[in-house]
1. May I ask you to list pairs of residues, at least six apart or on different chains, whose Cβ atoms are under 7 Å apart, with the first in the stretch 1-15 being in a helix (DSSP H, G or I) and the second being at pLDDT 85 or above and of a type in the set (Phe, Trp, Tyr)?
2. Pick from the stretch 71-95 the residues that are farther than 16 Å from LEU37 by Cβ and among the polar types (S, T, N, Q): which of them is surrounded by the most Cβ atoms within 10 Å (Cβ to Cβ)?
3. Can you tell me which residue is farthest from THR76 (Cα to Cα) among those in the stretch 16-31 that are assigned to a helix (DSSP H, G or I) and not hydrophobic (A, V, I, L, M, F, W, C)?
4. Looking at the structure I just gave you, is ALA61 surrounded by 13 or more Cβ atoms within 10 Å (Cβ to Cβ), of a type outside the set (Lys, Arg) and out of contact with any strand residue (DSSP E or B) (no Cβ under 8 Å at 6 or more places or on another chain)?
Amino acid sequence: MRATGAGFEQRASVELERAGLKPLARNYTTRHGELDLVMLDRDTVVFVEVRYRVRAGHGNALASVTRGKQDKLIRTAQLWLAAHPQHAQRSCRFDVVSYDGPAASACMQWVRGAFEAD
């Protein structure tokens, strides 16, 4: 399962770079959680959660980013910013890149500003 996730993270990274974003970090992990991708969109730091679901029985991939997951991402993003003070004053946003369906033909959906830190 981890290899599948890594494959979709790679696909997302390629698409986001094609759209002009610059990679800053990948799989940044703390005891609070993990950031799949950290990218720079002009002067904005973008924390990207990549999700994949084969079936939508429990909701699609986008719906799997629950409030609890968002809270973990926000906390981990705060730790990333503290560890990278050169980016601490930049504006930030949380994007979700989701893939649904069979891996070979999964459709990508990129939601910019999917949620905000309160």
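1. Partner pairs satisfying both residue conditions: THR4/TYR52; GLY5/TYR52; PHE8/TYR52; PHE8/TYR99.
2. GLN78
3. Going through the stretch 16-31, the residues assigned to a helix (DSSP H, G or I) turn out to be 16-18.
Remaining after also requiring not hydrophobic (A, V, I, L, M, F, W, C): 17-18.
Numbers: GLU17: 22, ARG18: 26 Å.
Ranking the qualifying residues of the stretch 16-31, first place goes to ARG18.
4. Numbers: surrounded by 13 or more Cβ atoms within 10 Å (Cβ to Cβ): yes; of a type outside the set (Lys, Arg): yes; out of contact with any strand residue (DSSP E or B) (no Cβ under 8 Å at 6 or more places or on another chain): no.
For ALA61, the condition - surrounded by 13 or more Cβ atoms within 10 Å (Cβ to Cβ), of a type outside the set (Lys, Arg) and out of contact with any strand residue (DSSP E or B) (no Cβ under 8 Å at 6 or more places or on another chain) - is not met.
The values are calculated or read from the model by the stated rules, or taken from the named source; none is laboratory data. Because the structure is a prediction, the values reported are computed rather than measured. Neighbour counts are summed over all protein chains in view; Cβ atoms, including those assigned to glycine, are modelled from backbone coordinates with ideal geometry.
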